[in-house]
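One structure is given here, and the rest of the page talks about it.
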Amino acid sequence: MAWIVPVVVVIATVLAMELVAWSSHKYVMHGFGWAWHRDHHEPHDNVLEKNDLYALVGAAMSISMFVWGSPLVLGDAAWIPATWIGIGILVYGIIYTLVHDGLVHQRYFRWVPKRGYAKRLVQAHKLHHATIGKEGGVSFGFVFARDPAKLKAELKRQREAGIAVVRDSVGY
């Protein structure tokens with residue numbers, strides 16, 4: 001039974017990381033951190049993007065938790081649950097890499113889902129990329145995707161209100 005608490009902490013951390021990712025994406029990447037994120041929204045042939053620096057931020061968060069939870073590093077000052085939080089952050093990073101970079105942007109493999117939740121994820125993120133610039137936009141999360149029809153309606157509302165510049169390819 002000693003394994004239940006660590007498993008619950010890891011799962012809770014993975015779920016919490018989606019909230020961290022959503023708010024970071026909306027308010028940091030599309031805010032003061034746009035200089036790192038801009039190239040992710042523009043066509044290019046580069047293998048790496050400045051946006052990939054955000055992966056280092058996530059890695060630093062995970063590593064910090066491993067350090068804080070390590071009796072080898074901090075001795076009696078270590079807080080063991082931090083290790084499980086670090087694992088949760090790491091798991092989220094792996095999921096993010098596979099879903100966002102792999103499935104959605106096809107940086108590592110080529111597979112276009114024809115149905116199901118994977119298709120919904122791809123559609124939602126493509127609609128996120130439908131805006132030009134950092135203003136407005138929809139679908140700032142990476143793992144939980146809203147209904148693409150609702151996202152499209154929100155983009156249309158933002159365009160009509162002058163909040164966002166939407167690419168013509170969205171097709172209203």
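Distance between the modelled labels on Asp76 and Val165, one decimal in nanometres: 6.2 nm (7 Å Cα→Cβ projection). Expressed as a whole percent, how much of the Cα-Cα distance distribution for segment 44-172 exceeds 21 Å? The proportion of pairs with Cα distances above 21 Å equals 54 percent. Across the chain, the relative contact order, built from alpha-carbon pairs under 8 Å that are at least six residues apart, equals 22 percent.
Using +1 on the beta carbon of Lys and Arg, -1 on that of Asp and Glu, and nothing else charged, what's the dipole of segment 31-165 about the Cα centre, debye to 20? Here the size comes out at about 820 debye. Accessible surface area normalised per residue over the chain is 60 Å², counting heavy atoms of protein chains with a 1.4 Å rolling probe.
For Val166, nonlocal amide neighbours, meaning residues 5 or more places apart or on other chains whose placed amide H falls under 5 Å from its own, are Ile132.
Each stretch of four or more DSSP H residues adds -39500 (n - 2.57); spread over every residue of the chain, this sum gives -15500 deg cm²/dmol at 222 nm.
For helix 53-68, what angle does its Cα long axis make with the longest principal axis of the chain, in degrees from 0 to 90 and rounded to 10? Long axis of 53-68 versus the principal axis of the chain: about 20 degrees.
Could you please state how large a percent of the accessible area of the chain is carbon and sulfur, counting protein chains only and using a 1.4 Å probe? Roughly 68 percent, rounded to a whole number. Of all lysines in the structure, those lying under 23 Å Cα to Cα from Lys150, and not within fewer than 8 positions of it along the same chain, are Lys26, Lys114, Lys119, Lys126, Lys134. Taking the longest Cα principal axis of the chain as reference, the axis of helix 116-128 is set at about 70 degrees.
The values are calculated or read from the model by the stated rules, or taken from the named source; none is laboratory data. Since the model is a prediction, treat every value here as computed from it, not as a measurement. Positions of Cβ are backbone-derived with ideal geometry, glycine not excepted, and every protein chain shown enters the neighbour counts. What goes into the accessible areas is simple: the full protein's heavy atoms, side chains included, and nothing from ligands, DNA or RNA. Shrake-Rupley method; radii C 1.70, N 1.55, O 1.52, S 1.80 Å.
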